[in-house]
Amino acid sequence: MKSKSQGYKPKKSKTLERSEIEKFLNEAPDDEYLLMKVALIMGISGACRCDELVNLKIENIQDKGQYFHVVLPDTKTKKSRSFTILEVGFPVNPINLCKKYMSLRPKNTSSSRFFVFYKNGRCTSQCVGINTLSKIPSRIAKFLKLEESELYTGHCLRRSSATLLANAGASMTILKRHGGWKSSTVAEGYLEESVHNKIQIAEKIQGSNVSASSSTISSCTDMGASGSNEPTNFTITSNSKKTVSVFL
């Protein structure tokens, strides 16, 4: 068995790049894609599994004014975790999109589950199941005309979130906390493939800073181990004099 497993590489979902996420949020019409946009925002912000999105309830989302605080009570590890969604960072306001979707929810909906079906600019009282949510990344990839759209599986949002965070220079501790991983193995995989880390390695080997594409972390405020409601903030400043803030 051991010899047969040599060279085996498990299939992994493809991930969405930040530019692709921004393009979809900015260009996809709300009348058809609002549900997908909100699922994308939730999934990317919280590194959510499909079942966590399915089980998300209205009462798990708290409007704090300038940000949403979202709690995932039912996770694979049986331990709740939380994340935040901010008004800034994307070409459209993520909180406004979420509020728009929530405002269309029928008042007679008996279930408290957050995700209900959306079609032609209206929400229904029927809850969205795991099969529908797991196909959303593939449908996003088709809209963006990405190759092999079928390889953007239900795990895409979780993997994309971890990849974006690793590329922003996050530490092992922050990655594990964000994804709720008990083991370091998964987090190590994202760090190994991190573009940020590969650039740092190249700089050390070459003995100088890589030019235009190089980004450095100028500040990082970590969330306390007690699970504070305050967002974790990374400010990334590139050589092109652009500053991007990433909040978790």
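The numbers here are math on the coordinates, done by the rules we state, and not lab data. Here the structure is a predicted model, which means the values were calculated and not measured.
Just a few scattered comments:
- Amide H within-cut-off set for K57, under 5 Å, with H built and near neighbours excluded: F114
- J(HN,Hα) series, the range 152-161, from Karplus relation 6.51 cos²θ - 1.76 cosθ + 1.60, nearest Hz, glycine and proline x: 8, 8, x, 7, 4, 5, 5, 5, 5, 4
- Between E193 and I130, the contour length at 0.36 nm per residue exceeds the alpha carbon distance by 19.8 nm.
- Applying a threshold of 26 Å to the alpha-carbon distances of K76/K198; K11/K135; K64/K100; K37/K76; K14/K37; K23/K99 flags K76/K198 as lying beyond it.
- Phi-derived couplings, Karplus 6.51 cos²θ - 1.76 cosθ + 1.60 at θ = phi - 60°, listed residue by residue for the range 171-188: 7, 4, 4, 5, 4, 5, 5, 4, x, x, 7, 7, 8, 7, 4, 5, 4, 4 Hz, with x used for Gly and Pro.
- Straight-distance crosslink candidates among aspartates and glutamates, where the alpha carbon sits under 20 Å from K142 and sequence neighbours closer than 8 are dropped: E17, E20, E22, E27, D30, D31, E32, E150
- Rounded to whole numbers, the Karplus 3J(HN,Hα) couplings from phi for the range 112-121 are 9, 4, 5, 8, 10, 5, 9, 7, 6, x Hz, using 6.51 cos²θ - 1.76 cosθ + 1.60 with θ = phi - 60°, and x at Gly and Pro.
- The range 148-187 and the range 89-124 have their alpha-carbon centroids 26 Å apart.
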